[in-house]
1. Restricted to region B:21-42, and to residues that are at pLDDT below 60 and within 7 Å of chain A (Cβ to nearest Cβ), which residue is least open to solvent (accessible area, probe 1.4 Å)?
2. Considering only residues that are part of a loop (DSSP other than H, G, I, E, B) and farther than 20 Å from residue A:267 by Cβ, which ones fall in region A:212-221?
3. Return the residues of region A:52-84 that are of a type in the set (Lys, Arg), surrounded by fewer than 21 Cβ atoms within 10 Å (Cβ to Cβ) and touching a residue at least 24 places away in the same chain (Cβ under 8 Å); say none if nothing qualifies.
4. Exactly one of these conditions fails for residue A:268: (1) more than 20 Å from residue B:434 (Cα to Cα); (2) buried (at least 22 other Cβ atoms within 10 Å of the Cβ); (3) not small (Gly, Ala, Ser). Give me its number.
5. Residue B:640 fails exactly one of the following numbered conditions: (1) part of a helix (DSSP H, G or I); (2) within 13 Å of residue B:688 (Cβ to Cβ). What is the number of that condition?
6. Specify the residue that is modelled with the highest pLDDT; the eligible residues are those in region B:55-64 that are under 30 Å from residue B:381 (Cβ atoms) and of a type in the set (A, V, I, L, M, F, W, C).
7. Would you say residue B:328 is of a type in the set (A, V, I, L, M), touching an Asp or Glu at 6+ places or on another chain (Cβ under 9 Å) and open to solvent by less than 40 Å² (accessible area, probe 1.4 Å)?
8. Among B:412, B:448, which is open to solvent by less than 10 Å² (accessible area, probe 1.4 Å), within 14 Å of chain A (Cβ to nearest Cβ) and not in a loop (DSSP other than H, G, I, E, B)?
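The values are calculated or read from the model by the stated rules, or taken from the named source; none is laboratory data. All of these numbers come straight from a predicted model, not from anything done at the bench. For neighbour counting, all protein chains shown are included, and Cβ atoms are generated from backbone atoms with ideal geometry for every residue, glycine included. Areas reflect the complete protein model, heavy atoms only, side chains present, ligands, DNA and RNA absent. Shrake-Rupley method; radii C 1.70, N 1.55, O 1.52, S 1.80 Å.
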Amino acid sequence: MDCKTYKSVLKLDKGTACTAWNYCGQRLAAGTVDGTLAVFDSTDHASSSFRCSSRVKVHKAGILKVVWVPPEYGDAVACIFYDGGFSIWEEAGEDSHSVQWKLCEFFNRGSSKVLDIQFGVSPTSLKMVSTYSDGYIQVYELSNPLELKNWQLQAEFQNVIDSISTFRKASCLSASISWNPMRGGQELSFIMGFNSDTPQLNSSKVWEFDGAHQRWLPVAELALPEERGDRVYSAAWAPNIGRPYELIAVATERGIAIWHIGLNPDLDGRLPMERVALLSGHEGEVWQMEWDMSGMTLATTGSDGVVRFWQSNSNGVWQGQATFVHTS
Amino acid sequence: MPETAPAGGEVVPMSSGHGQPLAPRLSICWSRGNSLRVSLFSLASFEDEAGGEVVEVKLCDGGDGEISNAQWRTIAYDSVSPFAMLQNRRNSMSSFSNINPSPYHLECWEYMMDYSKDINVLLGNKKSSVDSLIEDPDIFLKKTEEPTCLKAAWELMEMFYVNKLSQAWLPERIVDWLADYDRLFAALHGTVHMKVMNFQNVHNDIEVYEDDLRYWDVIESALAVGWLEIAVKMLRRHGSYQLDQLSNRETENGLVEAVALLISKMPRMRSELEPGRLGECYKAKPDFIKAWDKWRGQITKLDSCAFWIQCHHGQTREGLKKLLQILLGNTNSLLAATTNWLELCVSHLIYIRPFTVGLESMYNLAQNCIQLKPMSSPHKLMNIIIGILGENTEVVLAECSKEFGPWMVAHAIELLTVGSNEAESLLHEERYNLGEISLEELHRLAYAQVLSSHALTWQIAPVYLSSCMKHGMGLLEILLYKQPVQLKELLLKNLEICRLYDLDDCSSNIMKMAGVYHWKHGRKGSGIYWLQQARDEFRLNKIAQQLFASVGKSISDESFKQWEGLIGLLDSESNAAGGFEFLHKYRDFKRSLQQIGDGKNDIAAQKAIDSLMLLMRNTSTPQRFWLPLLNDSLKLLNWQHRPLLSVSNTNLLLNKLQELSSARLHPGFVKPDLPAEALNSVRLALATNLGRAILEE
């Protein structure tokens, strides 16, 4: 089935390289190759027309990726730059007339470039996971919920199950982080996979925060034993509105794997898991995967320029549901 | 291209090197519900004027555009109350049925019927085009508004699943249904309706009806599918009825009228016959059989009577004989007179098997008819009929979903489960693969998602989500989190929904989001208000600390006014940090300072000095504010009329100054933002005051 019902929402500035919608889909942040951040706002809640409310030059290098900060922490984005650094910008003002986009914090880790950033919300704090081209993961915590400039480095580790090994000379092309999107009670966790020349780093691992010992632990590795070295292009954790298991999609060169992860760990602390599908359809790499709000439909896209929609039928068999190819 | 994606980027260079883009050309993001926003980048050439665009893609949600989006929204709104009513009645019944299930069974049928009828009404008015009350002799079929397949499908399901009371009259109900909806099949295949319409369009050009083959052909077809009124009306346009012809064609006219009369007297097994409809109505089978046999006897008698020889008009004789064959249920005649299997099937129900009951025998009949009139691409309604007759709930569901989308499925599931254990277990069984929900819940969730994707319909999604026992509230929370918090009406609506469904955590998170939004966007009062509503002590404390910090800088009257309101808002009762207490005292002090005015009001000045002392004695007053406070009070310390501070109070303040001086040596000391001479001015003023106080005392 082809997905034909579509309409144009807005025109992007030339040189736009990345976009991100905020939590309610009323604002779009777009980054350009010359380092400008443009923000588009919906003119009216009920309509879907947008106009540009702000254009700020945020950096000398181009913007590779924009990520919104969760709304409990304001209207803010993290911009990842082509030169390997990233910064956090926020829309704020002392009074309603002086509201503008301001730089909160700039991060630069020297020779290693940041590949991806994602924010995770716990009832008491905001955490930020950043991954770097040398295969390291950093977890930051925001110390003051009203100030996006004070970040404390909480942990730094590599994406390996066995915490003793470190890989000093890893070279990573891309990384993919996806937080468990559910709020409330449970411990924070996220999934992380690399596209690198170091097989041990690649496979997607579920990292969970061990509150008692204040450390991050790998609790599951989402790869069959013979596929552990496969480069991971994308990973996405589905919202769980009540399933007795978590649902995670991981894209490698073999296709898109759908995993069921048990909610309770077994005796050695690992989560039970099962690969329930391996979907193929995209030609080339899958760059992005997004679950809808119920976790019932997975949208994917990649180097073939096609958007594919995947759903499970009533017997639990995952299949392509629709495709969308833009024809201008 | 000024920039290329570096190796460290997210972008992986393509192995095939023929001009593939280096950056992702697409980026996707789900909006609310089932709409996906796709950013299309055109990075191929930076000089290119176009910068790409964002499009919104909707996962095809069924329907072929028969019903416009606006109409769907109306249907969505109107179906909320029947749906909610049904759930309520069902819930209250299930609480009763634990005690005594049987008496409520009939009630169950009744409220299902109410539900089905309510929904049916909102799908549009029934305007049958095969209407007997047509006064205009030139019109056989009224040109009415095109009925919708959606309504046709709903009525089918109502007929087969819900309306159990009239199961014995099912064949006649199918006849009626086809009369209402036959025209819907015209697009794919010919229909009797189309035949009649075509004839109606040209009949004025025909001089002698009975000479025209089309005339007889149309009557046959209309009769075959049971449109008796049309058949009779057309028969009476026969030339022999004309006054000038009557004497010459007496026998011929007699035969025409005899056939017309037999048609009008046809026994029909149904509960009632609307006024103007032809045929004779029998409710009970024995009566019907008696009448049917008698009627059939009359037809046979007429068929074999001698008058036919005296009928000299060949076409009339042939035509009438064919009509009799149809009435006698001659399969070949029926086959020739109908245009598709469904019409053929209906003609069999009327003339050959009027007692067909039970889905199995109907299914067999339908299969026979399909073999006789096969079609390459069956109409969607036909697929549903086959699914229903074949008792294949899954097929019916799949067809409903494919052809009519989530609204249909979510609402029709209610009908499918009535009185069928098999459908019940299929639709209500919880499946692990679906996350331990039933198909029924899955389809309700899917429909709620569709509702969520539009700003005008998301508010009704909670009604459906609340009927989803397992996943409904989870999805509702996510839906609520995805509503913008900056608009007050929307926020209040959101919170109201939270209250209705006891989603307290969700509610406080939303208020937190609103609070932070307003605080950051310069509406500090609203910010604090919503954070208080959310009971977000953590953020409120941080705000108090922030206010603290700004107090440290000796504030101008202008900025004082601005945050005086904020301190009022930071209600001292919900005070978690000592900071609030200090802020309140500081506000009182500032206010009394302002009341002093020109420096002559002794009472106000004394009040201000009392406030100052309260502040300076209070342990919660941070040390870094001591000097700014004293500096603000210089006017009081140098009061002209009399010294305002007693000796002991002055000593206390001097001690504090001393403490400050030694604190300056500590590394963590925060230097107040004051002129360099402030300390000396204060010290001098205190010393002067001390001297005057000693003299006075």
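1. Among those residues, the one meeting the criterion is B:23.
2. A:214, the sole residue that qualifies.
3. Result: A:55, A:60.
4. (2)
5. (1)
6. My answer is B:57.
7. So residue B:328 does not fit the description; no.
8. Matching residue, one of B:412, B:448: B:448.
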